[in-house]
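Below is one structure, written out as structure tokens, with a few remarks after it.
The values are calculated or read from the model by the stated rules, or taken from the named source; none is laboratory data. Keep in mind it's a predicted model, so treat the numbers as computed, not measured. Heads up, the Cβs are rebuilt from the backbone with ideal geometry, glycines too, and the neighbour counts pull from every protein chain shown. Each accessible area value is taken on the protein alone, full model and side chains, heavy atoms only, with ligands, DNA and RNA left out. Shrake-Rupley method; radii C 1.70, N 1.55, O 1.52, S 1.80 Å.
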Amino acid sequence: MNAQGFAHKYGDNVDTDVIIPARYLNTADPKELAAHCMEDIDKAFRQKAKPGDLIVGGLNFGCGSSREHAPMAIKASGVSCVIAKTFARIFYRNAINIGLPILECPEASEKIQDGDEIAVDFDTGVIQNLTRKEEYQAEPFPDFIKEIIQKGGLLKSLSK
């Protein structure tokens, strides 16, 4: 399981209300959520983001509401991975629950710049910045979390 794409970089404390504004929470349709993903922090995100791209954040990414709408909007946008210094715990759990890969890596968060091409190996936790020819080490997922993500989320991993 790997990811490769271009980085969309944001700062610290990106909360769930800028990931998916509250005015769109009356739907759970992933396509509708994706249409408004990041629009309050980056109006051009939907036009710029291509399938496989990554989001890079700072400290406390995903703070705020406990709803799964935020990681759902990110995943439905085609984002293959979110990298941050740290994640809000409920966002971390919700991301795993819906099968969105996320990695905590302070060095990557600091050094990756907006637009850098990034490759991630989820088995080893190695994050390669192909643009800057740098490599960063994140903690790889344990096997049970890799299985949840590969199957598309917690509920799908429980069905036979």
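For the stretch 1-148, with all protein chains in place and a probe radius of 1.4 Å, 50% of the accessible heavy-atom surface sits on carbon or sulfur.
Its Cα centre serving as origin, the stretch 44-106 has a Cβ charge dipole (Lys and Arg +1, Asp and Glu -1) of approximately 100 debye. Spin-label pair D12-E147: with each label point 7 Å from Cα along the Cα-Cβ axis, the two points sit 3.8 nm from one another.
Taking all protein chains together, M72, M38 sort by accessible area into M72, M38, largest first [probe 1.4 Å].
Remark: the stretch 36-99 carries 37 Å² of accessible area per residue (probe radius 1.4 Å; ligands, DNA and RNA excluded). The length gained by stretching the chain between R89 and A22 to full extension, at 0.36 nm per residue less their Cα-Cα distance, is 22.1 nm.
With a Förster radius of 35 Å applied to the C-beta separation of N97 and V126, the computed FRET efficiency comes to 0.90.
In summary, the lysines within cross-link reach of K146, defined as a Cα separation below 27 angstrom excluding same-chain residues under 8 places away, comprise K9, K31, K50, K75, K85, K111, K133, K156, K160.
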